[in-house]
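In what follows, a structure is listed as structure tokens, so that the remarks can point back to it.
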Amino acid sequence: MRTDHLPFQMPERPHSVVQQWRHLSFLHWEVDPDRLRPYILEGLELDLYESKAYVGTIPFVMTGVRPRLAVTVPGISTFPEFNIRTYVKHGSKAGVMFLTLDAQSRITCAYAPRAYGLPYKYAKGRADIDGDTYAWSSKRVGGKQELVGTCIGMGETMRASPGSLEEFLFERYCLYTFHKGRLCITHTYHEPWAFREAEATVLSNSLTESYDLRISDVLKPDLVHISDGVTVHSWSIEGVAE
């Protein structure tokens, strides 16, 4: 398993979950750090790139989700997900923090909040892939939050250059949550991201708009990329050392 790209070591114990994140559209907006800070968990620091904060809305397909020694289950292991994330750090350890993870999986929406503290919400959604075009739509059940649009890849596949904004946005290998009264971390291993620049046509985005981030136009991301995806190994949750 390649490790030379990792900014820190993964836990020595075996990983607990295997999954694939496939056909991802990365829609990013620059936001005022002061608008994001109220959403940041206590104990974390908002991570900035050249003094700028970013929030990403990411529709994709979760596939092959299973415990490490188990097999996939049809109808359960694959589902569309639509998450909103931002970039944080604890000390020098940079990761991501989710504002929401809307997904069409009742099991995940029931299990992940209890086991990991992740803010999953059940939504009806779909993601359709036609070559370089990814089309997606999601509507939260019991709410008005939705995301509808398409993303078209352009140009050559690339990897993030050291020190680049793309490295800041993509190369994250842990996530932070608040679970059972304490700040926690989950480590996530995958190969470096391969991605392409893209153009997005966003028809509706009340999902991102539902957060008071004062984004001037939630239908026009500042940065757009697509990726075929990665295979991910995730570790069980653990408390963050004070």
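Working out 0.36 nm times the residue gap between D222 and S92, then minus their Cα-Cα distance, what length gain in nm do you get to one decimal?
Answer, rounded to one decimal: 44.1 nm.
Mind telling me which of G95, G64, G131 comes out most flexible in a GNM of the chain, alpha-carbon contacts under 10 Å?
G131
Fewest first, what order do Y211, Y122 take by the number of other Cβ atoms within 10 Å?
Exposure proxy ranking, most exposed first: Y122, Y211.
Suppose R0 equals 22 Å; then what is the FRET efficiency for R106 and A70 from their Cβ-Cβ distance, rounded to the nearest 0.05?
Values: r = 19 Å, r/R0 = 0.85.
It comes to 0.75.
Report, to two decimal places, the Cα Rg of the chain normalised by 2.2 N^0.38 Å (N = number of residues). Please report the intermediate quantities before stating the final value.
Details: Rg = 16.8 Å, N = 242, 2.2 N^0.38 = 17.7 Å.
It is 0.95.
Using just the helices of the chain, give the 222 nm mean residue ellipticity in deg cm²/dmol: DSSP H runs with n ≥ 4 each add -39,500 (n - 2.57), and the total is spread over all residues, rounded to 500.
-2500 deg cm²/dmol
Using the Cα centre of region 169-242 as the reference point, and only Cβ charges (+1 on K/R, -1 on D/E), how large is the resulting charge dipole? Debye, rounded to the nearest 20.
Using only the charged Cβ atoms, the result is roughly 260 debye.
With both partners inside region 17-239, how many of the DSSP beta bridges are antiparallel, as a percent to the nearest 5? If you can, show how the numbers build up before the last one.
Numbers: 78 of 82 bridges.
Once the DSSP bridges in region 17-239 are tallied, antiparallel ones form about 95 percent.
Quick one: F170, F82, F178, fewest Cβ neighbours within 10 Å first, how do they rank?
Fewest-to-most Cβ neighbours within 10 Å comes out as F178, F170, F82.
Compute the signed sum of charges (Lys and Arg +1, Asp and Glu -1) over the other residues within less than 12 Å, Cβ to Cβ, of K124.
Numbers: positive: R106, K121, R126, K139, R140; negative: D102, E146.
Taking every Cβ under 12 Å from that of K124, the sum is +3.
Using the number of other C-beta atoms within 10 angstrom as an exposure proxy, rank V141, V88 with the fewest first.
Least crowded to most crowded, the residues run V141, V88.
Taking just the C-alpha trace of region 182-242, give me its Rg and Dmax in Å.
Just the Cα atoms of region 182-242 yield Rg and Dmax of 16.7, 44 Å.
So which residue, out of R13, R106, R159, gets the largest mean-square fluctuation from a GNM of the chain using Cα contacts under 10 Å as springs?
Per the Cα network of the chain with a 10 Å cutoff, R13 tops the list.
Tally Lys and Arg at +1 and Asp and Glu at -1 over the other residues with C-beta under 10 Å from the C-beta of E166: what net charge comes out?
Within the 10 Å Cβ shell, the charges total -2.
Taking just the alpha-carbon atoms of region 104-242, what radius of gyration and Dmax come out, in angstrom?
According to the Cα coordinates of region 104-242, Rg and Dmax are 16.9, 47 Å.
In whole percent, what relative contact order does region 17-239 give with Cα contacts below 8 Å and a gap of six or more residues?
For region 17-239, the relative contact order is 24 percent.
Which value, in debye to the nearest 20, describes the size of the charge dipole of the chain about its Cα centre when Lys and Arg Cβ atoms bear +1, Asp and Glu Cβ atoms bear -1, and nothing else is charged?
On the way: 26 positive and 29 negative charges, 234 e Å.
That gives the chain a dipole magnitude of about 1120 debye.
Averaging over all projection directions, find the projected area of the Cα convex hull of region 61-109 and quote it in nm² with one decimal place.
4.5 nm²
Looking at N83, Y122, Y39, which one has the Cα that reaches farthest to the positive end of the dipole of the chain (charges on Cβ: Lys, Arg +1; Asp, Glu -1)?
Y122
Among residues other than I215 whose Cβ falls under 11 Å from its Cβ, what is the net charge (Lys/Arg +1, Asp/Glu -1)? The partial results should precede the final answer.
Values: positive: R35, R214, K220; negative: E30, D32, E209, D212, D217, D222.
Computed value for this residue: -3.
Values quoted throughout were computed directly from the atomic coordinates according to the rules given, and no laboratory measurement underlies them. Worth saying up front: this structure is predicted, and the values here are computed from it rather than measured. Cβ coordinates were reconstructed from backbone atoms using ideal geometry, including for glycine residues, and neighbour counts include every protein chain displayed.
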